[in-house]
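Notes for the one structure printed next.
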Amino acid sequence: MKYMEKFPMLNERLYLRSPSINVCFRAIVEGIIDKTKIEKALENACIRHPLLNSLVEIDNKNNAWLVQKNDSIGIEYYKSNEMNWQSWYKKTDSIVFDFLKGPLIKFCVIIGNNTEIIIVGHHIIGDGIGYLNLTKDILLALDTKLDTTPQIPPYEPNDKYFKETVLLDSGVHSFAASLNEEWRKSRVRFSEKEYFDFFECYRNKYNPNLYMASIEGSQLNKILEKSKLNGFTVNEIIASAFSLAIMEILNKNEIRLGVAANIRNELVSEPNNCMGNFVTGISTKAYYDPSKDFMANAGTITAAIKDQLQNQCQQVKDIGR
């Protein structure tokens, strides 16, 4: 009997078979952790988050289902003089996930003076918050403080997916339905071999690069103070700073800015702390006015993001309907 069978939600289905959308998280634990303890912690995390052991099954109507498998998830072990986490990420990210065999997540443990736990998983089974929840739960499991009650993502029919349902104009609804019907007739289904070939071609052209920025101590406290004083969130301040820096580097007064947006609070069923993909994405233009200071420009960028986010949430609700 299958422990879990879940029809992917709309936003999860958008990432099905994408070769580019993986998520990486890294935790550093002080001291050296015994392998047996690490494997037990991961086993308990898999009980709490059944999506970790999932694969994708395609039914005879070409619908995709996330289904749990019972095989254990392997862990790669290295000493710190053999491998660093950036090299492991680049190597692992270039290997395609096999959706039909699973799992859709990979783990690595690098042992040196401390123990590093690195996670690379596909976006279909978790967004940033989902993987953060997973990372916290693995650390709790290492400390034997994890509640192993399964946290299964909610599944609701489309018309009950969001707390508020917005009705489309009948003409728009009919037009969208006709477009979907035409797409069903003309769409081309790719074979497994074609998918793997596509992945290889994609990776040959677009190799992932890592860029890191660390904000610590007094710098972080200053950002928190500035954020509160000016009515911004820390994320809004950082997004604005990156946007303005990019415009300065490119010598432009505007750029196209992409931002992920959390829609967990819009769901009918609370996702709790489970894995799952509860995000959408927005894209808007960000402008820079050299006559204004940083905070004034940050306000312009933030207002553009909020306006587009409001529009996007409306669109996502419409699609959910």
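Some notes on this structure:
- Label point at Tyr195 placed 7 Å out along Cα→Cβ; residues across the range 95-109 whose backbone nitrogen lies under 13 Å: 96-104
- Local net charge near Asn114, Cβ-Cβ under 13 Å (Lys/Arg +1, Asp/Glu -1): 0
- Using the Cα coordinates of the range 12-150, the gyration tensor eigenvalues translate into equivalent-ellipsoid semi-axes of 26, 18, 12 Å, sorted from longest to shortest.
- Footprinting exposure proxy ranking of Ser191, Ser94, fewest other C-beta atoms within 10 angstrom first, gives Ser191, Ser94.
- Across the range 210-265, counting alpha-carbon atoms alone, Rg and Dmax equal 13.3, 38 Å.
Throughout, read-outs are computed from the coordinates displayed, never taken from laboratory work. Because the structure is a prediction, the values reported are computed rather than measured. Cβ: placed from backbone, ideal geometry, glycine included. Neighbour counts: every protein chain shown.
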